[in-house]
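The values are calculated or read from the model by the stated rules, or taken from the named source; none is laboratory data. All values derive from a computational prediction rather than experimental measurement. Cβ coordinates were reconstructed from backbone atoms using ideal geometry, including for glycine residues, and neighbour counts include every protein chain displayed.
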């Protein structure tokens with residue numbers, strides 16, 4: 001527990017901007033929840049850290065940013081990993097030029113290599129249902145990001161998950177969308193027009 005307190009104090013003193021200081025950003029950014037090494041929580045933890053660092057720790061050194069992240073790594077299998085990382089950093093066995101490199105190593109360590117498989121399975125189960133297409137597209141993008149799907153297979157999964165009426169309309173069109181981005185735009189426009197006409 002003393003390690004976490006020391007890390008939190010050092011990270012805060014090393015560069016956390018506070019409201020009212022010169023150049024400070026006057027927005028509130030949520031801090032990430034404590035991370036205990038649970039693989040299903042690693043992606044959310046890393047995203048939370050990135051958001052906070054980009055908004056509140058911009059001027060801090062990479063070392064201070066890493067120490068700040070480590071101050072939120074507590075409990076479970078993460079404690080031993082954190083101690084090993086701290087030792088490696090202190091003796092110079094490992095060096096990170098960017099905090100993103102460190103976050104990537106954390107994600108690889110605790111992601112268990114199963115994240116892509118889980119994302120692919122989630123992608124195959126994703127369906128639009130009664131949601132607006134904009135909402136479905138955003139959910140699809142979030143899941144697709146780590147699924148390793150791209151190109152035509154990604155488009156096919158998107159088509160499979162959307163409502164049948166919109167899919168049929170686009171399949172019957174003379175000029176079908178090609179890329180996934182075109183599918184996102186065309187389906188959103190069709191859904192919007194359909195809802196407006198009701």
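In the condition set (1) surrounded by 14 or more Cβ atoms within 10 Å (Cβ to Cβ); (2) over 20 Å from residue 33 (Cα atoms); (3) touching a residue at least 40 places away in the same chain (Cβ under 8 Å), residue 67 is compliant with all but (2).
Being over 30 Å from residue 198 (Cα atoms), loosely packed, with under 13 Cβ neighbours inside 10 Å and free of Cβ contacts under 8 Å to residues at least 40 places away in the same chain is true for just one of 130, 48, 92. Which residue is that? Break it down into steps so the answer makes sense when it comes.
Numbers: 130 fails: over 30 Å from residue 198 (Cα atoms); 48 fails: loosely packed, with under 13 Cβ neighbours inside 10 Å.
It is 92.
Of the set (1) under 23 Å from residue 176 (Cβ atoms); (2) modelled with pLDDT under 85, all apply to residue 117 but (1).
If I filter the range 148-162 for residues that are within 16 Å of the chain's Cα centre (by Cα), under 26 Å from residue 39 (Cβ atoms) and outside any helix (DSSP H, G or I), do I get at least one hit? Within the range 148-162, one or more residues are within 16 Å of the chain's Cα centre (by Cα), under 26 Å from residue 39 (Cβ atoms) and outside any helix (DSSP H, G or I). Only one residue in 42, 58 is closer than 19 Å to residue 108 by Cα and at pLDDT below 90. Which one? Answer to the selection: 42. For residue 164, the conditions (1) under 25 Å from residue 78 (Cβ atoms); (2) out of contact with any helix residue (DSSP H, G or I) (no Cβ under 9 Å at 6 or more places or on another chain) all hold with the exception of (1).
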